[in-house]
1. For the subset of region 110-147 comprising residues that are assigned to a helix (DSSP H, G or I) and hydroxyl-bearing (Ser, Thr, Tyr), which member is nearest to Gly78 (Cα to Cα)?
2. For Asp151, work out the one condition from (1) crowded, with 19+ Cβ neighbours inside 10 Å; (2) without any contact (Cβ under 8 Å) to a residue 12 or more places away in the chain it doesn't fulfil.
3. Identify the residue in region 107-141 that is open to solvent by less than 30 Å² (accessible area, probe 1.4 Å) and polar (S, T, N, Q) and, among all such residues, is nearest to Tyr254 (Cα to Cα).
4. Here is a list of conditions, (1) open to solvent by less than 20 Å² (accessible area, probe 1.4 Å); (2) at positive phi; (3) more than 20 Å from the chain's Cα centre (by Cα); (4) not charged (D, E, K, R), and Gly204 meets all of them except one; can you say which number that is?
5. What strands (runs of 3 or more DSSP E) lie completely within region 280-383 and have 1 or more residues being open to solvent by 10 Å² or more (accessible area, probe 1.4 Å) and more than 18 Å from Pro197 (Cβ to Cβ)?
6. Which residues, taken from region 211-235, are surrounded by 18 or more Cβ atoms within 10 Å (Cβ to Cβ) and assigned to a helix (DSSP H, G or I)?
7. Would region 202-210 turn up any residue that is touching a helix residue (DSSP H, G or I) at 6+ places or on another chain (Cβ under 9 Å) and either assigned by the TED database to the domain that holds Pro373 or assigned to a helix (DSSP H, G or I) (or both)?
8. State the number of residues belonging to region 158-192 that are surrounded by fewer than 17 Cβ atoms within 10 Å (Cβ to Cβ), small (Gly, Ala, Ser) and under 24 Å from Val97 (Cα atoms).
Amino acid sequence: MATSLTTPKLSSFSCSATFTLNSLFFPKSLHLSRPYFLSLPTTLLSLSHPRRTFAVRSQSQNGADAPPHYDFDLFTIGAGSGGVRASRFAASYGANVAICELPFSTISSDTTGGVGGTCVIRGCVPKKLLVYASKYSHEFEESNGFGWKYDSEPKHNWSTLIANKNAELQRLTGIYKNTLKNAGVKLIEGRGKIIDPHTVDVDGRLYSAKHILVSVGGRPFIPDIPGREHAIDSDAALDLPSKPEKIAIVGGGYIALEFAGIFNGLKSDVHVFIRQKKVLRGFDEEVRDFVGEQMSLRGIEFHTEESPQAIIKSADGSFSLKTNKGSLEGFSHIFFATGRRPNTKNLGLESVGVKVDKDGAIQVDEYSQTSVPSIWAVGDVTNRINLTPVALMEGMALAKTLFQDEPTKPDFRAVPSAVFSQPPIGQVGLTEEQAVEQYGDIDIFTANFRPMKATLSGLPDRAFMKLIVCAKTNEVLGLHMCGEDAAEIVQGFAVAIKAGLTKSAFDATVGVHPTAAEEFVTMRTPTRKIRKNQPSEGKSNSEVKAAAGV
């Protein structure tokens with residue numbers, strides 16, 4: 001997920017099309033009823049001017065308008081989530097559409113990719129499959145308290161898991177190809193490069209298009225330190241030939257935590273190295289504390305305030321990780337989960353005037369239009385909110401804008417998200433820190449409890465839930481959970497947060513019993529009240545944990 005809270009300001013410009021784009025860039029504030037973001041860009045704009053038409057025309061030499069002929073109405077570079085969604089819906093609206101993508105591979109490179117993109121091939125889907133696999137070890141432990149006994153310790157076969165995972169990825173990419181074919185989208189295999197505002201080169205063959213969409217996503221980033229050639233990234237971690245015996249994971253973001261849970265559950269010795277004191281920068285502070293504590297209880301060792309300086313390979317084939325605090329030896333794998341970068345190199349963007357930021361992200365307006373009127377971009381390549389459902393939303397909005405005469409802006413308010421750590425996290429709306437900054441006076445409701453399942457399992461599992469409420473309007477500004485089924489639970493409550501429901505509406509809702517989710521509608525007394533010009537009332541986080549027996 002994008003963690004940046006600011007978006008680069010873009011200089012205004014105009015073009016020779018039938019409209020100017022001076023007003024299509026990010027203004028200083030978002031014209032919404034309320035600032036409703038969780039680790040999202042805060043300068044996304046909202047236009048107040050009338051409906052716009054996004055036609056791009058050329059003029060003949062005698063000055064009269066002459067509609068040019070193009071091979072396609074839309075040519076999409078990159079068949080990931082956003083590109084496929086935009087292409088197939090554009091085709092359903094009557095457009096003549098083509099999309100190009102590199103040949104399939106589980107590991108991305110300059111020459112390999114695959115229809116389905118990061119999410120399907122080397123992201124959400126394979127990651128979640130490995131999460132499922134890794135959870136069984138914890139469930140075996142839980143089952144003992146419920147009377148289950150095993151004659152021998154269950155053993156895991158990594159090769160079986162990876163083979164079955166890859167077979168599923170092939171099935172899914174085949175489904176994506178059929179979806180494009182059935183929608184009438186022409187699929188072209190190869191690497192696309194923009195030659196001019198209306199021309200794409202795919203491995204030496206030129207195609208012209210009225211509109212070009214760039215949806216090439218991002219790729220993992222490994223910092224340039226000595227020995228970096230020995231490190232693996234998330235692509236490789238999902239397709240290793242053997243399970244790590246002892247792994248160093250560098251990074252404290254959601255990718256690092258998800259893989260830490262995966263390998264810990266599969267009985268690897270897991271060490272996580274983070275530069276800061278806590279994991280998950282940008283998340284709610286209480287959630288950061290809670291998930292770190294719970295993961296530590298499951299045997300993951302966190303090395304805080306340690307920055308990697310070098311990787312050293314030993315004669316026996318093992319690796320050492322040198323940090324600012326010393327060296328740790330004996331790792332079979334060193335995995336860098338240190339972020340992703342937009343995959344914009346060698347696309348020809350700069351040569352045609354498409355503006356990108358210092359990290360390579362394509363700069364777009366709120367309709368996903370770049371600095372070149374005929375070129376558009378959606379998904380992670382724009383580095384707005386790097387989530388698959390957001391890319392789908394952006395792709396759908398673009399198709400409506402271009403081919404339905406219905407200019408549509410993606411709605412970035414109250415975007416829910418999840419971290420499939422163990423225990424998992426679900427969240428929607430503002431963090432406590434964001435709410436205090438934006439609203440001042442807020443009420444905090446929390447629950448920290450031992451789930452029913454843990455009463456018989458005997459394991460130290462706990463769940464944490466939190467509501468952030470505007471003291472003046474009673475509106476629920478943020479909802480957070482860390483515990484089993486957090487993602488499933490928060491998806492449902494995200495509808496309520498998106499609709500702007502009040503705490504009173506939560507209180508009036510009858511809970512489903514016995515569930516963890518019912519805690520969200522039974523928290524009656526604020527844990528603390530925060531007032532802008534007064535000392536906070538109620539218990540601090542440490543006092544709440546002490547009272548809960550943590």
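The values are calculated or read from the model by the stated rules, or taken from the named source; none is laboratory data. Source: prediction; values computed, not measured. Neighbour counts run over all protein chains shown; Cβ positions are idealised from the backbone, glycine included. For the accessible areas, the whole protein counts, side chains as well, though only heavy atoms, and no ligand, DNA or RNA atoms are used. Shrake-Rupley method; radii C 1.70, N 1.55, O 1.52, S 1.80 Å.
1. Restricting attention to region 110-147, the residues satisfying the condition of being assigned to a helix (DSSP H, G or I) are 117-122, 124-144.
Then keep just the ones that are hydroxyl-bearing (Ser, Thr, Tyr); that gives 118, 132, 134, 136-137, 143.
Numbers: Thr118: 10, Tyr132: 29, Ser134: 32, Tyr136: 36, Ser137: 38, Ser143: 45 Å.
Looking at the filtered set, the residue picked out is Thr118.
2. (1)
3. Looking at residues that are open to solvent by less than 30 Å² (accessible area, probe 1.4 Å) and polar (S, T, N, Q), I get Ser134.
4. All conditions pass for Gly204, except number (1).
5. Working: elements: 301-303, 308-313, 319-323, 326-331, 333-336, 340-342, 375-377.
Per the criteria, 301-303, 308-313, 319-323, 326-331, 333-336, 340-342.
6. Across region 211-235, the qualifying residues are Ser234, Asp235.
7. Taking region 202-210 first, the residues touching a helix residue (DSSP H, G or I) at 6+ places or on another chain (Cβ under 9 Å) are 210.
In the following step, the residues that additionally are either assigned by the TED database to the domain that holds Pro373 or assigned to a helix (DSSP H, G or I) (or both) were identified as 210.
Yes, some residue in region 202-210 is touching a helix residue (DSSP H, G or I) at 6+ places or on another chain (Cβ under 9 Å) and either assigned by the TED database to the domain that holds Pro373 or assigned to a helix (DSSP H, G or I) (or both).
8. Number of matching residues: 4.
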